[in-house]
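> This is the structure I have questions about; it appears just below.
The values are calculated or read from the model by the stated rules, or taken from the named source; none is laboratory data. Please read these numbers as outputs of a predicted model, since none were measured by experiment. When we count neighbours, we look across all protein chains shown, and the Cβ atoms used for this are built from the backbone with ideal geometry, even at glycine. Only protein heavy atoms, including side chains, enter the accessible area calculation; ligands, DNA and RNA are left aside. Shrake-Rupley method; radii C 1.70, N 1.55, O 1.52, S 1.80 Å.
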Number of protein chains: 2
Amino acid sequence: MTTKPMIEAAFGRPTKRKPIWFLRQAGRYLPEYREVRKNVEFTELCKTPKLAAEVTLQPLRRYDLDASIIFSDILVPCMPMGQELTFGKGHGPQLNPPIQSGAALAKLKKPDAEKDLGYVGEALQLVKDQLQDHQTMIGFAGAPFTVASYMIEGAGSKTYTELKRLRYQEPEAFKGLLDLLVETTIDYLIMQVNAGADCLMLFDTWANQMTAVDYKDLVFPAVNKVIREVKDRCDVPLIYYPGQGTDLYFELQGYAGDVIAVDWRTRLSRAISFLDNVGLDVSVQGNLDPQVLIASEDVVREHTRQVLQEAGKARGHIFNVGHGLQPHLNPEAVNWVIDEVRKSEKS
Amino acid sequence: MTTKPMIEAAFGRPTKRKPIWFLRQAGRYLPEYREVRKNVEFTELCKTPKLAAEVTLQPLRRYDLDASIIFSDILVPCMPMGQELTFGKGHGPQLNPPIQSGAALAKLKKPDAEKDLGYVGEALQLVKDQLQDHQTMIGFAGAPFTVASYMIEGAGSKTYTELKRLRYQEPEAFKGLLDLLVETTIDYLIMQVNAGADCLMLFDTWANQMTAVDYKDLVFPAVNKVIREVKDRCDVPLIYYPGQGTDLYFELQGYAGDVIAVDWRTRLSRAISFLDNVGLDVSVQGNLDPQVLIASEDVVREHTRQVLQEAGKARGHIFNVGHGLQPHLNPEAVNWVIDEVRKSEKS
């Protein structure tokens, strides 16, 4: 069996090839993706295994990538929990009704992962069949807190006022929602492993909407419980993205996963030394600024080399952007990054 | 002459009284502010010294505060530079036309601070006349980079795409805009000191929209030049807010100001030790989560005590929130915070 460079790097084992993939590598910056989206709504795309598999595979046809992440959204589990998920034109996701009280929480149910979210597993299986041996199939979910934020606000937010209101005024309901999401997320991730995922990623994009103290007491224990349970039951590496900046790294004591995904704002070398200071023996993923992909070829290559250099002391390093690729980015620039990474392996 | 506790704390000298004020202490959470706003647009309010002074003084009539910050907006200098500033209902500020090229930059002019922005000085003088001896009059401006971000985007942004485009595709125009804002901001702050400001604050709210490397090479030198020039010419302490998180603290070598304002997401004790590690001998301001002011009295008091405790090792500490007060917050909770701070002085 061929080893997969991404799995090796995630576990901190030596690799000849530097694994590389891109957050939101299947997306609107690709004309072939926009073509598919002409005829199908976003939620429908997630729910239709053949189409989800098709757009997942698009970037692998163009680029020499080491991993494929299943095309989906962190909010799909909210649908079988009891919320309607829509994506308005030019707006982000909307969830209805928002969960802003213990009474609203009581109406939610824990999904049956196989039955209610099986379409994600089906899509994953279809993609997996097309991958080369060295390529890793990544499953993912939102971390409990970040999904809870959306469920409470009903949408993205600048101030997260409803989230704070529930946390401060109905702390039991807030905790109850996190608990429900912990159980839901465990089942959801295990279902994805059963369908073929070789690796899992948990996105906690909004983690730093809480104070460091609340993160430590409420947010991190929830996601770490998910990670511990999944790791107990499946032998796959787990990547966790704790949001913008490094402030929360200091609250990660006892982290049960294998990799920390690093935001692009941070110097990767500093992130690595902070994680080391906290006593974590982990690999890192990241952290090119995705917006660099609008720059000229020499600038793109220079920034790529900077990231490679900053990663020097990592136990293992998975090259990636520090945030998802955006619609206006130049598809050709992705090749410049990959080529620069490949060059570094030969030197 | 009575000493002002906030000035003493800013310079790191001992104070009997812990200075306290609140970012955006004059604002929509106060019914008397909403009453004034019924009859006047935001920009008009900033431009009318009597009204600006009136709303600036409102929180001082309600609360036992150690400082008053002139009511204005970081974007008012953009008007005499050549942009129209509007605040649509429910939207943030909008600037027209946006500055997205060297050609657009060439049409901007450097304002005459006394002539074009004298209304800020007039309002400041009116407020100063009403302050008690122990109270500090704060003037402020946006840091060059943060104002540049708004001028380029024409509004707030989630992705700052136009900012990155200019920075990567027309780096000379980007640098030129920063240079123009450096000169504009120096004159603007000195005008405020001449009008009576005892202390100055520079807001770099969007600083972490840049990578740490760009912050170090482009953003920080611009704001530090402003600080150095102003400090050379005026004997007032200067507070700088470098945006969310502590990642950028490591790029602050040579900081010429007196105080760093700390975001609410960060543990204040860690911020203090990071600043110390970087070799900075500075005071800190902050950093209560403003959203705590929707919680019950015991929670508000507990969080206030936490901030006081975290500030323990600071050279000097000015109590504040870590971000501006928001419209939905409870005005009575401000008194709970102040009372808890006053209690701590007696223990």
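> What number in nm² do you get for the protein assembly as shown if you take the convex hull of its Cα atoms and divide its surface by four?
29.3
> About the Cα centre of the protein assembly as shown, how large is the charge dipole given +1 on each Lys and Arg Cβ and -1 on each Asp and Glu Cβ? Please answer in debye to the nearest 20. Walk me through the numbers on the way to the answer.
Values: 80 positive and 90 negative charges, 17 e Å.
That gives a dipole near 80 debye.
> With every protein chain left in place and a probe of 1.4 Å, what is the accessible surface of B:GLU172, to the nearest 10 Å²?
140
> Between chain B and chain A, with a rotation axis joining them, whose C-beta in B is nearest that axis, and what is the whole-Å distance?
Per the B/A rotation axis, the closest residue of B reads B:GLY245, 2.
> What value in Å³ per residue do you get for the convex hull of the alpha-carbon atoms in the stretch A:5-346?
In the stretch A:5-346, the Cα convex hull volume per residue is 121 Å³.
> Taking the solvent-accessible surface of protein heavy atoms with a 1.4 Å probe, what is the per residue accessible area of the stretch B:5-346 in Å²?
Here the residues of the stretch B:5-346 average 37 Å² of exposed surface.
> R0 = 51 Å: FRET efficiency of B:GLU122 with A:ASN335, Cβ-based, nearest 0.05?
Efficiency computed from Cβ-Cβ geometry: 0.30.
> Treating each Cα of the stretch B:182-262 as an identical point scatterer and ignoring solvent, apply the Debye formula and state log10 I(q)/I(0) at q = 0.15, 0.16, 0.17, 0.24 Å⁻¹.
For the stretch B:182-262, the Cα-only Debye profile gives -0.49, -0.56, -0.63, -1.16.
> Using only helices, what value at 222 nm comes out for chain B when you add -39,500 (n - 2.57) per DSSP H run of length 4 or more and divide by the total residues, to the nearest 500 deg cm²/dmol?
When only DSSP H runs of four or more count, the value is -13000 deg cm²/dmol.
> Same structure again: Can you give the accessible area of A:SER296 in Å² (nearest 10), computed on protein heavy atoms with a 1.4 Å probe?
Surface open to solvent at A:SER296 totals about 50 Å².
> Applying 1/(1 + (r/R0)^6) with R0 = 51 Å to the Cβ-Cβ distance of A:VAL40 and B:THR48, what FRET efficiency is obtained, to the nearest 0.05? Walk me through the numbers on the way to the answer.
On the way: r = 54 Å, r/R0 = 1.05.
Efficiency at R0 = 51 Å is approximately 0.45.
> Measure nothing fancy, just the Cα-based angle from helix B:297-310's long axis to the longest principal axis of chain B, in degrees from 0 to 90, nearest 10.
For helix B:297-310, the angle is close to 70 degrees.
> A further question follows. Tell me the label-point distance for the pair B:LYS110, A:LYS110, using the 7 Å Cα-to-Cβ offset, in nm and rounded to one decimal.
Taking the simple label geometry, B:LYS110 and A:LYS110 are separated by 6.7 nm.
> A follow-up question, please. Enter the mean number of other protein chain beta carbons within 10 Å of the beta carbon of each residue in B:160-167, as an integer.
Values: counts 1, 6, 1, 1, 9, 4, 0, 3.
Shielding by partners across B:160-167 averages 3.
> With the cut-off at 18 Å, tell me which of the pairs A:LYS107/A:LYS216; B:LYS18/B:LYS346; B:LYS89/B:LYS110; A:LYS16/A:LYS313; B:LYS47/B:LYS115 have Cα atoms farther apart than that.
Over 18 Å apart, Cα to Cα: A:LYS107/A:LYS216; B:LYS89/B:LYS110.
> Right, next: Within chain A, what percent of beta bridges assigned by DSSP are antiparallel, to the nearest 5?
Details: 5 of 28 bridges.
Given both bridge residues lie in chain A, the antiparallel proportion sits at roughly 20 percent.
> Which angle between 0 and 90 degrees, to the nearest 10, do you get for helix A:49-62 versus the longest principal axis of chain A when only C-alpha atoms count?
30
> While we're looking at this one, here's another question. Roughly how large, in nm² to one decimal, is the mean projection of the convex hull of the alpha-carbon atoms in the stretch B:74-233?
10.1
> Compute the helix-to-body angle for B:144-153: its Cα long axis versus the longest principal axis of chain B, expressed 0 to 90° and rounded to tens.
The two axes meet at around 60 degrees.
> Work out the mean other chain Cβ neighbour count within 10 Å for the residues of A:213-224 and drop it here as an integer.
Details: counts 5, 2, 1, 1, 0, 0, 0, 0, 0, 0, 0, 0.
For this peptide, the per-residue mean of nearby foreign Cβ atoms is 1.
> Going by a 1.4 Å probe on protein heavy atoms, which residues of the stretch B:241-255 end up with at least 40 Å² less accessible surface in the whole assembly than in their chain alone?
B:GLN244, B:ASP247, B:PHE250
> Roughly how big is chain A's charge dipole about its Cα centre, with Cβ charges of +1 (Lys, Arg) and -1 (Asp, Glu), in debye to the nearest 20? Mind dumping the intermediate values first?
Details: 40 positive and 45 negative charges, 79 e Å.
Approximately 380 debye in magnitude.
> Right, next: Over what distance in Å are the Cα centres of the stretch B:106-136 and the stretch A:207-273 separated?
Computed from Cα coordinates, the inter-centre distance equals 46 Å.
> Let me ask another. Could you state how much accessible area B:TRP206 has, in square angstrom rounded to the nearest 10, with a 1.4 Å probe and all protein chains kept in place?
Here the residue's solvent-accessible area equals roughly 50 Å².
> Ignoring ligands, DNA and RNA and using a 1.4 Å probe, state the total buried accessible area between A and B in Å², rounded to the nearest 100.
3200
> Measure off, as a whole percent, the carbon and sulfur share of the 1.4 Å-probe accessible area of the protein assembly as shown, all protein chains present.
47
> Let me ask you something else. In whole percent, what relative contact order does the stretch B:5-346 give with Cα contacts below 8 Å and a gap of six or more residues?
For the stretch B:5-346, the relative contact order is 21 percent.
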